[in-house]
Amino acid sequence: MTKKFDPRKNYEASKKKIGYVPRKDATQKDYDRIGFMSGLEVHQQLLTSRKLFCNCPAGLYHDDDDYDAELIRHMRPTLSELGEYDGTALMEFKTRKEIIYRVKNETTCTYEVDDTPPFPLNREALEIAIEISLLSKLNIVGEVHITRKQYLDGSIPTGFQRTAIIGVEGAIPLRHKTIRLIQLSIEEDACREISDIGHVRTYKTDRLGMPLIETVTYPECINPDEVKEACDYIRFLNRSTGKVRTGIGAGREDVNVSCRGGSRVEIKGVSHTRWIPELTHNECFRQWALLAVRSELQKKIPETEKWNISHEYLRFHSFNFTYAPLIAAKKAHHNIVAVNLPGFRGILSHFTQPGKMFADEISDRLKVIACLDKPNLIHSEELEPAITKDDMEKVRIVLGAGAEDAQLIIWGPEEDMKTALETIEERCKMAFTGVPNETRKSFEDGTTIFERVLPGADRMYPDTDSAPIPLEDNYIEDIRKRLPEEVTERYHKMRDWDIPEDTYTFIFKKNLFPLIERIISELDYDPKFVGSFFGHRLKFVEGHHVAPVNFDYNVIFDLFRFVRDENLAPEIIDQMLPVIFEHPVMEFESVLTTIKFKRHDRTDILNKIPFLIEKFERIKKSTEKKAAADWIMGQLRTSATGNIPLKELFVEINSKL
Ligand SMILES: [Zn+2]
């Protein structure tokens, strides 16, 4: 019999031992203690009509089941020019994935599927990339060299992405510091994944080859908020040109994080910047936890290089399994295998991320590398055991396990077991050295799972199909002259105008600043009103009403001008907007009719006040001023809106009370 061991207590104790603090309670002191370090790769699709290296349309998306043909590929690693296999390549090969591409003729030609060489680089995209590089204070390269970056997960049929550096060594100003930029590249977008089940992964090729830029920062952020601030700034900057795509999936970030003594881990494809603080916080502590696991193991296992796992196939009928996935495995004639991990007691239930433990690190890899869909394992340190104590004891006996060992049970098709066992042993051995280099996939709750092995540095090589493109100085200078006003200046201007800060994201995202500035300067509206109108009212209306495609925001300028010329009070614009938004070509006068607006003389409205004061005192039996003013406002609001500014009306009411 083993000594009494309580996984729940162990989990909580390990969390305490590493000094884990939830994100909401963490201070800079905590981040300094664990050596938080983070940098970004911000991707943004460019607003061009065509793809980067062919003439297929960009930004045209199809439904998953809308396609003309299917292509099937199997990935195979080849030796690099240096005579080595890439780790990622080997991992992908191990998964024995069959990759299926769903192709629609309208958005895919022979280039994307690797049957013809690239067409010349899209000049429109190049120009946008240069423009954003200049805004990011990057030094523009003298000659654009197109290189191939290995991509072996199947998301690009050729197995590589064409990419080119446009600018190097820049900087962006944050509130309290400057973050340096390594570079900005232009590159092709990859396929969109439809599904990944067992050994089959399916993609569609509509997005493949669309131009995007990647801005890479140095890892100079020392807490999660800085990472988010840097990311927001870069995204604002991209959007401020009005030449990038917006909307879901148009901007994605890879965030790399490490703790002191940890490794560079990349969290891929974060689609919302608001997720960044929680994700980077948790990843840094996950690494800190893995370092604690390492020191535990070093104490427990003297000769780690001799360490290995042992396993036994289990006979279903020798146990009283009632756990559904095990019953399903039995029905499917799958293998059920028990694995002994010598010296790992207390490790499997070691805290890694909120709600996760070391055993999840193994489970995640089994899913990705051995293609065992989750749930794919149970183990001896589960907080909610899936099998009885008696059965777990029998498993220990079958394995000949010692008191300090831990056990796993996995199941799946016979042909996946070899890879599964190798994967388990490999992940456990990595725990002896600390934090594996890997890319991880993010979730909204702030946790991450293993995605793939981090590719080696030698995944770039020259593209022999493309000639270098020289960038003449006067060409760059022409672009520089046309640069939009800088984002920092726009920031400051909005602050000076006293526009509420919670509107900035929306205004930059939709590139509404130029329009706001025009309305303020040409039509002489109160800046605070205009800013709030765009950042609050328009945002609300966009979320609740449907505009025709290609809705042109310039109609809002005409609306403001109409209201000014008609001598109406600005609040009426709030009420007219939903109608304009749905029917942008409707005459403004008809819009007023639609919202049942009636013109009233200012004095007529004000003349009603004495009567209403009397009425209030009569029916409410009160002379309380504030209550009276609010009530009278309520009575007059409908007829006053548009005819007299509501603030003015309120002042008038109060003066008569
Ligand atoms: Zn094409």
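The values are calculated or read from the model by the stated rules, or taken from the named source; none is laboratory data. Remember, predicted model here, so these are calculated numbers, not experimental data. Because the Cβ atoms are built from the backbone with ideal geometry, glycine has one as well, and the counts that use them run over all protein chains shown. Accessible surface areas use protein heavy atoms only, side chains included; no ligands, DNA or RNA. Shrake-Rupley method; radii C 1.70, N 1.55, O 1.52, S 1.80 Å.
Listed values, structure above:
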{"read-out": "Cα shape, region 35-296, gyration tensor, a/c 1.5 rule", "value": "oblate"}
{"read-out": "Accessible area in square angstrom per residue, region 596-657, 1.4 angstrom probe", "value": "64 Å²"}
{"read-out": "Built amide H within the under 5 Å cut-off of Gln161, gap 5+", "value": "Lys149, Gln150, Tyr151"}
{"read-out": "Calculated [θ] (222 nm, deg cm²/dmol) that DSSP helices of n ≥ 4 give over the chain, each run adding -39,500 (n - 2.57)", "value": "-12000 deg cm²/dmol"}
{"read-out": "Cα gyration tensor shape for region 505-603, rounded if a/c is under 1.5, else prolate or oblate", "value": "oblate"}
{"read-out": "Positive dipole terminus of the chain, leading residue within Thr488, Asn238, Thr48 (C-beta point charges)", "value": "Thr488"}
{"read-out": "Residue-level accessible surface for Asp196, protein heavy atoms, 1.4 Å, Å²", "value": "50 Å²"}
{"read-out": "Region 487-656 - charge dipole about Cα centre, Lys and Arg +1 at Cβ, Asp and Glu -1, debye rounded to 20", "value": "700 debye"}
{"read-out": "Shape metrics for the chain, restricted to C-alpha atoms - Rg then Dmax, Å", "value": "31.1, 96"}
{"read-out": "Whole-percent carbon and sulfur share, accessible surface of the chain, 1.4 Å", "value": "51 percent"}
{"read-out": "Derived scalar couplings ³J(HN,Hα) [region 519-530; Karplus, 6.51 cos²θ - 1.76 cosθ + 1.60; whole Hz; x for Gly, Pro]", "value": "5, 5, 7, 8, 10, 6, 8, 5, x, 5, 5, 5"}
{"read-out": "For region 35-296: accessible area per residue (Å², 1.4 Å)", "value": "37 Å²"}
{"read-out": "The chain, dipole about Cα centre (Lys/Arg Cβ +1, Asp/Glu Cβ -1), debye to the nearest 20", "value": "2360 debye"}
{"read-out": "Mean Cα-pair separation over length for region 316-458, i.e. relative contact order, pairs under 8 Å, 6 or more apart, %", "value": "31 percent"}
{"read-out": "The chain - share of DSSP beta bridges that are antiparallel (%, nearest 5)", "value": "90 percent"}
{"read-out": "Relative contact order (%) - criterion: Cα under 8 Å, at least six apart; region: the chain", "value": "14 percent"}
{"read-out": "Pairs from Lys137/Lys228; Lys29/Lys509; Lys204/Lys331; Lys17/Lys394 whose Cα-Cα separation, in the structure shown, is over 27 Å", "value": "Lys29/Lys509; Lys204/Lys331; Lys17/Lys394"}
{"read-out": "Anisotropy class of region 216-364 from Cα gyration tensor, a/c 1.5 cut", "value": "oblate"}
